[in-house]
Structure formats: structure tokens, C-alpha cells
Amino acid sequence: MLTRRMFLKGGGVAFFALGVAGNPSFLTRTAEAATGTGASASRKRKVLVTIFQRGAMDGLAAVPPIDDSLKPLRPRLALSAAQGQGATEPGLLDLQTGFGLHPGFAPLLPLWQDRRLAIVHAVGSPDPTRSHFDAQDFMETGTPGRKGTPNGWLNRAVGLLGHDNSPFRAVALTTSLPRSLYGDEPALAVTNLADFRVELPGADRTAAAAGQGFEALYHQTSQGLLRDTGSETFRAVHMLSAAEIQRYQPAAGADYPQTPLGNALRQISILIKSDVGLEVAFAESGGWDTHVQQAGTFNRQAHDLAQAIQAFWTDLGPFQDQVLLTTMTEFGRTVRENGSGGTDHGHGSCLFVLGNQVDGGKVHGNFPGLSTAALYEGRDLPVTTDFRAVFCELAGKHLGIKDDARLFPGWTGRRLPLLKT
């Protein structure tokens, strides 16, 4: 029997399909979904896309107060809005809310101006740890301060949806399954849809090694995960050559960066458009641990994230109504810069939420200011919004999950209003 947790890695068997090779019928399904006709129109599932910014993103660099109150604390790192007026270096983008946006995130500004993008500030985990490993674990399991939680909050979300077990309900475009998707519900991890194999336990490895495809493995399974999905999955998902996936052209001139995150979001867009039952998607962006010479590194990471998200949103086109995207990071950085031109492990940070139903063009949450009295332990932006208040809102209103206590065991807080519907 296949394991319920499946890892898809680079290798020999290409199973995923958008249409028969040489006849990209997924484009027909895409057009039907967009116009409200055809079988796929009745199966328009909501999709939650999550991006984990690993390393702890500096929320004060991303979205600082525009009043220059950060400058005395960060004489080398802090930017100002005036910096962009005739200066050689770009300055902050004025969000007209008392906050600025780091220029590296400029590709996101039109989405903010269209009120599709919102920011939550001073958000994070109530647990005080400054350990990357522990903080990421607590955020992905959704149980701050509690080690050993067996499942991740995204896996629990999939279970609470109670929908049919499409193998593609929960997919991570990562080299290994993230902690968020650990649990009893089926979840896939894959880095390249065009070139991978199914990694199976025990005797089932023999079939994969013999070069049999995903559909053949399905037919061999008497009672496992794939048998439960029903044959209709494979009527919609035919064998696809690697070349066809590689020939996929993003819509409306969307320009994904040639980076791991750009490639991941491109493939998530393919999964959404192919109508294979995707409900939760996970991607990650590394490199946010900026202890040394933060300025250049942060700018590169910010631009990659922003360009990838902007391309993804453009590529979705008429599928945007189905999709909600959020970022997350384990904690923020110190308010004061260090002696190496960087920042150290802090507490509160910020995150982005993108969607057509988002109450956008606003900075949500309670930003307490940067006075010493307002800082956590006199050094960090405090956490005034628990990350669970955000994720419950998104999973609740977008995916329709009503039981916050089962999604986040032990949490009794209130949702942060972020979505209009």
C-alpha cells in the first residue's frame, strides 16, 4: 500500500499531466473554467498558497515607518522616502498609511494600489524563542511553545476541508515535505513537475524502478491513497511529456524570475489551471537571515519574492478569484543594526496577504512604534498579532474552515479581519 505521505523527487517517472502530449487539452479546460462552462467550471476549488520566508525576514526593513524614526536606530541600513528624490539610491515607496515599502518590493506596489495586497505588521509567534529551528517548527505546526506536535497546520486544514482525496490536494514545491504538511492527510513534495519519480516504501519501489508511471502504480494499489481518489482523476490527468510542461507559456506576459521561488510559483500556477484538485500549495524563499551586510542581500531577496509573486498573480488571470496567497516568516530582526551592517534575531515581523477578496491597501494589526518602552525586551518589535489570528482568518473565510480550535489546538484568540468576504 502506498504511504499517505508521498515524496516526489527529481528522477525518472513523469506522471503529471495537463493534457495529452501534443494536444494540450488543459488549455481547453482552462478556457472552460474561465467562462463558466464545461465540467471543470463546477469544480472551482479555492486554493491557499503559502510562502515561507526562511531565515527570519526583517519586517522593519520591508515595511518601516515612513517618518524616519528608524534612522537613529539603523544609521546605515534605514532608508527614507526622500532618498529616492534625486538620490542615486532608491528610497522607500510611500504607502500613504504612515509606512513605506522597501524598494526591493516595488513589483508589489501596483497590487497594493489596486487594494488586492494587505500587510499585517508586528505579527509572529508569542513564543520568545530566537532559534530558527524551534520557531519554524512552532509556526508550521501552529502550536507555539509545544514541541512534538505530530502534524502541521496546513495538513490539518486539508483534513478539515473533508473533500475527496485527490493526490494533488496539498502540494509543496520543495525538495522535501515541509513541517506544515506533515500528518495523516496525503501531501506531495516535488521540485520539478517535468522530471521526478514517486518514492515508495518496500516492494512498491520495484514498480517505480522498473519505469512504470504514476497511473500504473495507481492501478496496482488495492486500498491505498490513490485507489481512494477514483479513476476520474486520471481521466482528467493524462500522462504528459516533460517537454510539454517545459513549453508552458505563462499568461499575459508574466515574467517569472529564474530562481527556485519563481519556478515554484510557476508550477503552482500550472497546477491551479490544470484543475487537478489543488487546495493548499506551499513554496519557500530562503536567505533572510541577514546578520552581515544586510542591505544588498535583503534587496535581492525582496526583489525575487516580489517579482515571483507579481508574475504568479499576472499568470493566474481569471483564476485569481480562486486563489489567496500569504507569506510567513519565523520571527523578525532586532530594531537596532549590529556592528556588521546587519540585524540579529528578533521577535515581531510582517507578512503579506494577496487576493481579490483581501481588504487591501492597508497595514493591519497594531504597530506600537519604536520607542524603547514599546519594544520587546527593549530590543525587538513586539508581537501584537498572533500568526494564528491571521491564518485562521484566511483558512476560515477563503477555504471555509470553521473550527479554529481544531485547526490550531490550544488557541483561543480571535481572527484578525483581513478578508471582505
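The values are calculated or read from the model by the stated rules, or taken from the named source; none is laboratory data. All values derive from a computational prediction rather than experimental measurement. As a convention, Cβ positions derive from the backbone with ideal geometry for all residues, glycine included, and neighbour counts pool all protein chains shown.
Tabulated data
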quantity: Selection status of Pro75, surrounded by fewer than 19 Cβ atoms within 10 Å (Cβ to Cβ), farther than 24 Å from Phe331 by Cα and not hydrophobic (A, V, I, L, M, F, W, C); calculated: no
quantity: Single unsatisfied condition, Gly369 versus (1) within 30 Å of Asp184 (Cα to Cα); (2) of a type outside the set (Asp, Glu); (3) surrounded by fewer than 16 Cβ atoms within 10 Å (Cβ to Cβ); calculated: (1)
quantity: Close pairs from segment 80-108: first modelled with pLDDT under 95 and loosely packed, with under 14 Cβ neighbours inside 10 Å, partner assigned to a loop (DSSP other than H, G, I, E, B) and not polar (S, T, N, Q), Cβ under 9 Å, at least 6 apart; calculated: Ala82/Asp68; Ala82/Gly91; Ala82/Leu92; Gln85/Gly91; Glu89/Leu79
quantity: Top-ranked residue in segment 178-190 [being in contact with a Phe, Trp or Tyr (Cβ under 8 Å, 6 or more places away or on another chain) and at pLDDT below 95; ranked as surrounded by the most Cβ atoms within 10 Å (Cβ to Cβ)]; calculated: Val190
quantity: Segment 288-321: number of residues that are of a type in the set (D, E, K, R), buried (at least 17 other Cβ atoms within 10 Å of the Cβ) and under 30 Å from Arg336 (Cβ atoms); calculated: 2
quantity: Matching residues in segment 372-403 - criterion: being part of a loop (DSSP other than H, G, I, E, B) and either in contact with a strand residue (DSSP E or B) (Cβ under 9 Å, 6 or more places away or on another chain) or surrounded by fewer than 17 Cβ atoms within 10 Å (Cβ to Cβ) (or both); calculated: Glu377, Gly378, Arg379, Leu381, Pro382, Val383, Thr384, Gly400, Lys402, Asp403
quantity: Considering residues of segment 139-159 that are surrounded by fewer than 19 Cβ atoms within 10 Å (Cβ to Cβ) and out of contact with any Gly (no Cβ under 8 Å at 6 or more places or on another chain) only, the residue modelled with the highest pLDDT; calculated: Gly145
quantity: Condition check for Phe298: on the phi < 0 side of the Ramachandran plot, among the aromatic types (Phe, Trp, Tyr) and touching a strand residue (DSSP E or B) at 6+ places or on another chain (Cβ under 6 Å); calculated: no
quantity: Test: Gly378 is without any contact (Cβ under 8 Å) to a residue 12 or more places away in the chain and over 17 Å from the mean Cα position of the chain (by Cα); calculated: yes
quantity: Contacts under 6 angstrom Cβ, first residue in segment 136-160 being under 18 Å from Glu284 (Cβ atoms) and free of Cβ contacts under 8 Å to residues at least 60 places away in the same chain, partner part of a loop (DSSP other than H, G, I, E, B) and β-branched (Val, Ile, Thr), 6 or more apart; calculated: Thr141/Thr149
quantity: Matching residues, segment 117-160, being in contact with a Pro (Cβ under 9 Å, 6 or more places away or on another chain) and part of a loop (DSSP other than H, G, I, E, B); calculated: Ser125, Pro126, Asp127, Thr129, Gly142, Thr143, Pro144, Gly145, Arg146, Thr149, Gly152
quantity: Qualifying residue in segment 66-74 (condition: under 29 Å from Lys420 (Cα atoms) and touching a strand residue (DSSP E or B) at 6+ places or on another chain (Cβ under 8 Å)); calculated: yes
quantity: Residue, nearest to Leu188 (Cα to Cα), within segment 252-273, restricted to residues that are in contact with a Ser or Thr (Cβ under 8 Å, 6 or more places away or on another chain) and at pLDDT below 95; calculated: Lys273
quantity: Enumeration of residues in segment 54-72 that are part of a loop (DSSP other than H, G, I, E, B), in contact (Cβ under 8 Å) with a residue 40 or more places away in the chain and in contact with a helix residue (DSSP H, G or I) (Cβ under 9 Å, 6 or more places away or on another chain); calculated: Arg54, Gly55, Ala56, Met57, Asp58, Val63, Leu70
quantity: Residue within segment 349-361 that is surrounded by 17 or more Cβ atoms within 10 Å (Cβ to Cβ), polar (S, T, N, Q) and either without any contact (Cβ under 8 Å) to a residue 12 or more places away in the chain or closer than 30 Å to Asp68 by Cα (or both) present; calculated: yes
